[in-house]
1. Looking for whichever is part of a loop (DSSP other than H, G, I, E, B) and over 14 Å from the mean Cα position of the chain (by Cα) here; the options are A:A288, A:A261. Which one fits?
2. Mind listing whichever residues of segment A:106-121 are more than 7 Å from every other protein chain (Cβ to nearest Cβ) and either under 20 Å from the mean Cα position of the chain (by Cα) or not in a helix (DSSP H, G or I) (or both)?
3. If we scan segment A:256-263, do we find a residue that is closer than 28 Å to A:V222 by Cβ and either among the hydroxyl-bearing types (S, T, Y) or at pLDDT 85 or above (or both)?
4. Does B:V128 meet the test of being of a type in the set (V, I, T), farther than 17 Å from B:T168 by Cβ, touching a helix residue (DSSP H, G or I) at 6+ places or on another chain (Cβ under 7 Å) and surrounded by 20 or more Cβ atoms within 10 Å (Cβ to Cβ)?
5. Restricting the search to segment A:32-61, which residues are of a type in the set (A, V, I, L, M, F, W, C), out of contact with any Gly (no Cβ under 9 Å at 6 or more places or on another chain) and surrounded by 15 or more Cβ atoms within 10 Å (Cβ to Cβ)?
6. Taking into account only those residues within segment B:23-56 that are exposed (fewer than 10 other Cβ atoms within 10 Å of the Cβ) and assigned to a loop (DSSP other than H, G, I, E, B), which is farthest from the other protein chains (Cβ to nearest Cβ)?
7. When only residues in segment A:265-297 that are touching a Ser or Thr at 6+ places or on another chain (Cβ under 8 Å) and among the polar types (S, T, N, Q) count, which is least open to solvent (accessible area, probe 1.4 Å)?
8. Looking only at segment B:163-180, decide whether some residue is touching a helix residue (DSSP H, G or I) at 6+ places or on another chain (Cβ under 7 Å) and charged (D, E, K, R).
Amino acid sequence: MTDPVIHLHDLHKIYVVSERESGILAALQSLLHRETENVPAVDGISFDLNAGEVVGFLGPNGAGKTTTLKMLSGLLHPTAGDGTVLGYVPWKREKEFLRRITLVMGQRNQLVWDIPALDSFELNRAIYRIPAPDYQRMLSELTDLLELGPLLRKPVRNLSLGERMKCEIAAALLHRPQVVFLDEPTIGLDVTMQRRIRTFLSEYNRRYGATILLTSHYMADVEALCRRVIVIHHGRLLFDGDLSDLVQRFTAHKTIVVRLADCQTDLHSYGDVVSCDEGSFTLRVPKAQTAHVTERLLADLPVIDLLVEDPPIEEVIERVFEQGAP
Amino acid sequence: MNYLRLVWAFFRIGVMSEAAYRINFFIQLFQSLLELAMSLAGLAVIFSYTNSLGGWSPDEVLALVGVYFLIGGIIGLVIQPGMEQLIEDVREGTLDFTLTKPEDAQLLVSLRQVDIWRLVDIVMGFGVLAAALLRLGAHVGTSQAAAFGIMLLAGAVIIYSFWLILATLSFWFVRVENILEIFQSMYEAGRWPISLYPGWLRFALTFIVPVAFAVTVPTEALTGRLSGTTLLGAVALSVVLLAVSRLIWLRGLRQYSGASA
């Protein structure tokens, strides 16, 4: 077993935030004397990522995801705890380290607004000192995978949000980083574009064996890309493991879809009837009783078809956040 | 070599970004010409009453105006745009992209914004300077030219360090644009020989806001008024300020990343 690519141990980040009452008097007072408050954003997080893993980093807004990503990419210094990425301590911001990682933030742009993306790429080439042949090869691969061909020569300001995001991602990967941090890479994009970016990320991971840690509010991203998820809430780790285990652990119910001839039958004695559409009932039953209820349904009624499902992942995640620690 | 390539890359971006807004070239040209005309008219009026201003002859003051435009052009070309961008980036959080690059962040921050139209001021400054030297009939010897070059460089370094320190304050106090405004108005005072001002102001313009070193001192080098002491002093000040600004910058970065908290 090789060393993990990312190793975090008991990482803490406390923000010191100045606070003041509203109103002009308080504003003037704060010029002289500032009340500060300590806000723990990350409160003791540990995890390891192995080479080539694609891991979804989940949590509600303000859970500490972005703060953790910023520490991992060297932007923030932790208040306590230690960690390494590729063997480097990220917040020392060594050039060799920075050359091997990248950070993509869906809500912020690094491309220069008034010029074509290709020229911004050239700038990154100069900054990362990418040798010309490597640059050409990577550029043509990225152009292929992301279908950038017609976009590269237009000024960035003329691109749509999705087109711009594709260019942002390409710009961030030109130096072929081994570790990729993505903060909401698909935010605000339409479904087709989200899918395109997802496909691309998994292809990048496959081709270069890169380790990817991504946050997203779209569970479809996570389901499609990540076998493993890490869930944090209030700066603490709630869950770290396979996505399927998360579903197992946090769902108390299963969904049974039963097809009968019509919607006339009363199924209340079997479980909560969520809906019925042209004879197709959706029932919610406690997980432990699933087998029993299924048996009874099949024995009692003229069942045409029957399907047992886990609830949708969004619902599971919502439950995780509501419950807090398991 | 790599740094030159980086400078070139940023300059190229500056040219390309601005090429989309060619009208700005004409606006800048008009603005610079207007400012120059006002300066010259002011000189003409003043020298219709006197032949010497704080011990400077009309043509020497003309040379000073040339240097004023030259340094002003350098500030406007790269120093001011970069520092204004830095302040904005700290506020918007876009500095993160700069900090994840495998290159010295101070270097990137200082070079990455170029307002190419301010080259107009630099060209104009050289023009005025050349005219003044012709009128002075002074033949500039190699040692004078060298002293001028060194003083120009030292002046630019001093002004750069000063701007960097001011802009770096944004790591602690988010809004610092106003301080930059103050600098800009103080710089205006540099278009006259520093010896013209009363003692306390002369002191302020030399040591607090080092405009004197940026404009008056290089001109003195060219017109042969400069003493060796001032030359050494200016060089020493530029080195010290550069080092101090670097230290403050590093402290600022620590503040930004929460390392000092």
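The values are calculated or read from the model by the stated rules, or taken from the named source; none is laboratory data. Keep in mind that this is a model prediction, so the values were computed, not measured. Cβ coordinates were reconstructed from backbone atoms using ideal geometry, including for glycine residues, and neighbour counts include every protein chain displayed. Calculation scope for accessible area: heavy atoms of the full protein, side chains included, ligands and nucleic acids excluded. Shrake-Rupley method; radii C 1.70, N 1.55, O 1.52, S 1.80 Å.
1. Numbers: A:A288 fails: part of a loop (DSSP other than H, G, I, E, B).
Unique residue meeting the criteria: A:A261.
2. Passing the criteria: A:G106, A:Q107, A:N109, A:L111, A:W113, A:P116.
3. First, the residues of segment A:256-263 that are closer than 28 Å to A:V222 by Cβ: A:256-257.
Restricting the remaining residues to those that are either among the hydroxyl-bearing types (S, T, Y) or at pLDDT 85 or above (or both) gives A:256-257.
Yes; the residues of segment A:256-263 include at least one that is closer than 28 Å to A:V222 by Cβ and either among the hydroxyl-bearing types (S, T, Y) or at pLDDT 85 or above (or both).
4. yes
5. Going through segment A:32-61, the residues of a type in the set (A, V, I, L, M, F, W, C) turn out to be A:32, A:39, A:41-42, A:45, A:47, A:49, A:51, A:54-55, A:57-58.
Pick out the ones that are also out of contact with any Gly (no Cβ under 9 Å at 6 or more places or on another chain) and you get A:32, A:39, A:47, A:49, A:54-55, A:57-58.
Of everything in segment A:32-61, those that are of a type in the set (A, V, I, L, M, F, W, C), out of contact with any Gly (no Cβ under 9 Å at 6 or more places or on another chain) and surrounded by 15 or more Cβ atoms within 10 Å (Cβ to Cβ) turn out to be A:F47, A:L49, A:V54, A:V55, A:F57, A:L58.
6. So, considering only residues that are exposed (fewer than 10 other Cβ atoms within 10 Å of the Cβ) and assigned to a loop (DSSP other than H, G, I, E, B), the one farthest from the other protein chains (Cβ to nearest Cβ) is B:N51.
7. This residue is A:T282.
8. Checked against the condition, which is being touching a helix residue (DSSP H, G or I) at 6+ places or on another chain (Cβ under 7 Å) and charged (D, E, K, R), segment B:163-180 yields at least one hit.
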